[in-house]
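Notes follow once the structure below has been shown.
FYI, it's all coordinate maths here, none of it is from the lab. Computed from a prediction, not measured in an experiment: that's the story for all the values here. We place every Cβ from the backbone using ideal geometry, glycine too, and count neighbours over all the protein chains shown.
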């Protein structure tokens, strides 16, 4: 076990030394990887901020439940009790038919016309706040409430929720496509970098094979180098995105003062940052493994 750890420690130290021996080439490769990762990362950060902002600032969609005109007080109490016990209902507000008529008179400006009707045509109703504001959850509640006794009509305004879901899904798709394309670019950069290293170290590799070194043993330092290259590129992309957000927040502060609202974009959370580092290192490792495996297999020392 100690020997195994020692070998891996030596490979890790050798990878760091290789990065230090070619500082300019290493910085350029890291910069290319960082820029490649910064673009989908920036889109992801903006998407997360828009999603959080929409949850904080957007009006909460509500379900309006209207009872039948012949519903009695007992029916109203029963519906109210069912709503209070419902696991998907966060809050309810009861609006009596008399209150609804008074509100209509006050807001419509048609008090004389409404007074000429000779009666109250409006039903009792409930305004319901759901715990889950997604369009699918709201529609499920609507379909369920319609089946309750003495419920005449259930109305919901899920149009904005559908538009928001569609926009966020499009944003996620853009991030996914960009991430996949630029992840391929990261693998390609690492692949070519490792291939050049193998070519320059051809004589050393052939000597190592002559004395019995296996391909996995020879490949190991290159894997560490690729992982370190990817990790450094991921951190560079993180720093680029951080700098961009800092500049953008500087502009948003002036806009916030004009509109009297606090607008500030937040950077990646710690779990997302760790995921980025692991993902970038894994892509670097993959590019190194593909390059080393393909090129070392072609070596046939005489």
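Taking the number of Cβ atoms within 10 Å of each Cβ as an exposure proxy, the fewest-first ranking of 289, 148 is 148, 289. Here the range 159-226 yields Rg over Rh of 1.40, to two decimals, using C-alpha coordinates and the Kirkwood radius. Calculated FRET efficiency, residue 199 to residue 275, Cβ-Cβ distance, R0 = 30 Å: about 0.35 to the nearest 0.05.
On the basis of the beta-carbon distance and an R0 of 45 Å, residue 147 and residue 180 show a calculated FRET efficiency of 0.50.
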